[in-house]
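No value in this document is a laboratory result; all are computed from the given coordinates. Nothing here was measured: the structure is a model prediction, and the numbers come from that model. Here the Cβ positions follow ideal geometry from the backbone for every residue, glycine too, while neighbour counts run over all protein chains shown.
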Amino acid sequence: MAVGATIHTFAAQLADVDRGVYEDLALRVARQSSETDAFMLTRVLAYCLEYTEGIAFSEGIAATDEPAVLVRDLTGRVTAWIEVGSPDAERLHHGSRLAERTAVYTHRDPAKVAAQWAGKRIHRASEIPLRSFDPGFVDAVAAGIERRNDMTLSVSDGHIYLDLNGRSATTAIHEQAVG
């Protein structure tokens with residue numbers, strides 16, 4: 001954890017019907033001083049939507065050589081490279097070469113995020129999903145983030161039903177290929 005980070009906890013109940021994942025999670029998330037609540041919430045959503053054995057947060061914005069979320073197998077090998085926000089093409093290329101699976105989650109306009117990658121070399125770009133949410137969803141929910149958070153996240157038929165500290169919201173999960 002980097003100096004100056006604020007720790008947020010999330011007691012999360014995850015019910016991902018689409019993937020058959022049902023877990024109670026106790027997440028400790030270090031939010032860097034330069035990180036917005038919307039970015040941090042997108043990291044938490046990416047973690048939950050990708051939840052599997054071996055998943056972990058990196059140091060977020062402070063991590064220069066790791067994605068926001070990654071999955072390692074029992075040998076320590078990176079099996080999933082999960083970026084958040086608007087990573088540059090070089091990071092995606094590197095992550096896609098390193099891991100079996102790569103994904104990007106963004107709280108920004110996905111067309112603008114994807115436009116920055118046009119014409120750039122990204123390994124297996126057509127296999128990398130860019131996932132986003134309905135406009136305003138992340139910002140509206142992020143406004144309710146506290147240091148200690150209670151969260152219920154249900155996923156069904158490509159839709160998220162989220163309750164964060166008594167504030168409910170829903171969104172579709174939008175997906176397009178990076179390349």
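Taking the Cα atoms of region 123-179, the ratio Rg/Rh between the radius of gyration and the Kirkwood radius comes to 1.08.
Can you figure out the FRET efficiency of Ser168 with Thr6, using R₀ = 22 Å and their beta-carbon distance, to the nearest 0.05?
0.30
The long axis of helix 89-98 is offset from the longest Cα principal axis of the chain by roughly 90 degrees. With the simple model of a label 7 Å out from the Cα in the direction of the Cβ, Arg28 to Arg148 spans 1.5 nm. Remark: region 53-151 projects, on average over all directions, an area of 7.4 nm² (convex hull of Cα atoms). DSSP finds beta bridges in the chain, and of those with both partners inside it, around 70 percent are antiparallel. Using the Cβ-Cβ distance between Ala177 and Asp134 with R0 = 25 Å, the FRET efficiency computed as 1/(1 + (r/R0)^6) comes to roughly 0.80. Placing a label point 7 Å from the Cα of Asp157 along the Cα-to-Cβ direction, the residues of region 1-40 whose backbone N falls under 14 Å of that point are 17-18. The convex hull built on the alpha-carbon positions of region 1-94 has an orientation-averaged projected area of 6.6 nm². Once the chain from Glu53 to Arg72 is taken as fully extended at 0.36 nm per residue, the excess over their C-alpha distance is 6.0 nm. Need one number: % antiparallel among DSSP beta bridges in region 43-133, to the nearest 5. Beta bridges within region 43-133, antiparallel portion: roughly 50 percent. In this structure, the amide hydrogen of Arg167, modeled 1.01 Å from its nitrogen in the peptide plane, lies closer than 5 angstrom to no residue at least 5 positions away or on a different chain. Calculated [222 nm] ellipticity per residue, helices only, for the chain: -5500 deg cm²/dmol; basis is -39500 (n - 2.57) per DSSP H run with n ≥ 4, divided by all residues, nearest 500. For the chain, the percent of C-alpha pairs falling in each 10 Å distance bin, counted from 0 to the bin holding the largest distance, reads 10, 39, 39, 12, 0.
Ordering Phe10, Val141, Leu92 by the projection of their Cα atoms onto the charge dipole of the chain, which places +1 on the Cβ of Lys and Arg and -1 on the Cβ of Asp and Glu, puts Leu92 at the extreme positive end.
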